[in-house]
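Okay, structure first, notes after.
The values are calculated or read from the model by the stated rules, or taken from the named source; none is laboratory data. Bear in mind that the values here come from a model prediction, so they are computed numbers and not experimental data. Because the Cβ atoms are built from the backbone with ideal geometry, glycine has one as well, and the counts that use them run over all protein chains shown.
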Amino acid sequence: MKCRHCATALHDVFLDLGSAPPSNAFLTADALNAPETWFPLKLFTCRNCLLVQVDEVQAHAELFTPDYVYYSSFSRSWLVHAERYVEQAVTRLKLNQNSLVMEIASNDGYLLQYVSSRGIPCVGIEPTNGTAVAARKKGIETLERFFGRDFAVEFVLEHRSAELIVANNVLAHVPDINDFVAGLAAALASEGTITVEFPHLMELVAKRQFDTVYHEHFSYFSLHTVRRIFAAYGLKVWDVEQLPTHGGSLRLWAAHAHSARAETPAVSALLDAEIAAGMLDIAYYQGFQAQADAVKNDCVAFLLEQRRTGRNIAGYGAAAKGNTLLNYAGVRPDLLPYVIDASPHKQGHWLPGSRIPVLAESRLREDRPDFVLILPWNLREEIVTQLDYIRDWGGQFVVAVPRLEIL
Ligand SMILES: [Zn+2]
């Protein structure tokens, strides 16, 4: 097995979570009678380029099924994040009706709707049919294709190159990272800008966020490593922002190496912070399993204790993170009888692997549970505010990451 960027043989295990089904493969009632496909979930560190990566990349077709249940527009805070980004990019890059904005993995048009409403031409690239159809209903031109070098070359011949390419929250999910970054370079106008967002590996390690590891999340990056991969395709990173999304993400602003864009001081400052954290040393990557196991063991101990003492507990948030934690911890409905989720696309389904049912929020008022375990810890403030009424019957909130805490 070799590194997907530099082809160095991989020997150093970063994290081994056993095996699990794809985290978005929610089950219908009919599917409960059938077996599920579980894949190993194990990450390695490349000793040469320090890219942290899954050991095997499963076929796209298997992981992104047509009944894919994630629709971006269902998260309010995510829409606010997207709109602010568009406002900033349009001003900073002076985009207008003569520009072209391309978004890769444009989902249901959650972001491009704000580009389109400013009269700026845009196109979405989205391989998932259900979300592409939803985007077209918003008037967003959407091509149902996977992005890569071949697509980019073909696109530029048929249309034109893009002044802004948005690849926010997609870089980590790309199986062939070299082909993808080559495509970014091929589709970008001479003085154009690419922005990419991805969870920052430094934050993942510092905050013990092992539950953000799942099969569709192929790569885990430091700024050092992304900069190296971009440089291999003639791209330079000219600015970086640290964002609170997904527990701590980076947003990079990149351009062709020959572009007139000058590097901001934020780039060297963050490179220095990574060096100070030890990220250029392999030892940094060798202690993470013990951190993940501590989180998992504390969570299981808490659930067992509530079960023994006869207290009721409900989960909240049927997201990928929760599935990683619950499957690694071996939690089943005896310890967590159900998970509440606001999305009607998830309600009436069962979580993959753990087979815990997903129910609507009304169930909380009926059951009045003693504890609500918040699985998407990145949304904990929002969820605590929204479910504040559980305090009326003495209910309490719990999070498991970065450490077990009763709020
Ligand atoms: Zn490598």
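Test each condition in (1) out of contact with any helix residue (DSSP H, G or I) (no Cβ under 8 Å at 6 or more places or on another chain); (2) modelled with pLDDT under 95; (3) part of a helix (DSSP H, G or I) for Lys346 and report the one that comes out false. Failed condition: (3). Please go through region 1-37 and give me each residue that is within 22 Å of Gln289 (Cβ to Cβ), surrounded by fewer than 15 Cβ atoms within 10 Å (Cβ to Cβ) and not charged (D, E, K, R), ordered by number. The answer is Met1, Thr8, Ala9, His11, Gly18. In this entry, Arg208 is excluded by the filter for residues that are surrounded by fewer than 21 Cβ atoms within 10 Å (Cβ to Cβ), modelled with pLDDT of 95 or more, in a helix (DSSP H, G or I) and not aromatic (Phe, Trp, Tyr). Just to be sure, is Arg261 among the basic types (Lys, Arg) and either assigned to a helix (DSSP H, G or I) or under 30 Å from Asn323 (Cα atoms) (or both)? The answer is no for Arg261.
Conditions tested, residue by residue: (1) at pLDDT below 95; (2) more than 16 Å from the ligand (Cβ to nearest atom); (3) farther than 16 Å from His215 by Cα.
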{"residue": "Thr37", "(1), (2), (3)": "yes, yes, no"}
{"residue": "Pro40", "(1), (2), (3)": "yes, yes, no"}
{"residue": "Asp55", "(1), (2), (3)": "yes, no, no"}
{"residue": "Ala59", "(1), (2), (3)": "yes, yes, no"}
{"residue": "Thr65", "(1), (2), (3)": "yes, yes, no"}
{"residue": "Tyr68", "(1), (2), (3)": "yes, yes, no"}
{"residue": "Arg76", "(1), (2), (3)": "yes, yes, yes"}
{"residue": "His81", "(1), (2), (3)": "yes, yes, yes"}
{"residue": "Glu87", "(1), (2), (3)": "no, yes, yes"}
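Is it the case that region 73-82 has a residue that's in a helix (DSSP H, G or I) and under 23 Å from Ser259 (Cα atoms)? No, that holds for no residue. The set of residues from region 248-285 being closer than 18 Å to Tyr233 by Cα and under 23 Å from the mean Cα position of the chain (by Cα) comprises Leu252, Trp253, Ala254. The residues of region 276-315 that are in a helix (DSSP H, G or I), among the β-branched types (Val, Ile, Thr) and in contact with a strand residue (DSSP E or B) (Cβ under 8 Å, 6 or more places away or on another chain) amount to a single one, Ile282. Is it true that some residue in region 168-181 is in a loop (DSSP other than H, G, I, E, B) and farther than 21 Å from Ile229 by Cα? Scanning region 168-181 turns up no residue that is in a loop (DSSP other than H, G, I, E, B) and farther than 21 Å from Ile229 by Cα. Of the residues making up region 136-159, those that are over 17 Å from Val101 (Cβ atoms), modelled with pLDDT of 95 or more and crowded, with 19+ Cβ neighbours inside 10 Å are Gly148, Arg149.
Taken over region 213-245, the criterion of being part of a helix (DSSP H, G or I) and in contact with a Leu (Cβ under 6 Å, 6 or more places away or on another chain) is satisfied by Leu223, Thr225.
Only one entry of Leu373, Leu359 meets the criterion of being surrounded by 19 or more Cβ atoms within 10 Å (Cβ to Cβ) and touching a helix residue (DSSP H, G or I) at 6+ places or on another chain (Cβ under 9 Å), and that entry is Leu373.
Could you check, for region 231-238, whether at least one of its residues is more than 28 Å from Leu375 (Cβ to Cβ) and crowded, with 21+ Cβ neighbours inside 10 Å? Yes, region 231-238 contains at least one residue that is more than 28 Å from Leu375 (Cβ to Cβ) and crowded, with 21+ Cβ neighbours inside 10 Å.
Residues of region 365-407 that are within 28 Å of the chain's Cα centre (by Cα), part of a helix (DSSP H, G or I) and in contact (Cβ under 8 Å) with a residue 24 or more places away in the chain: Trp377, Asn378, Leu379, Arg380, Glu382, Ile383.
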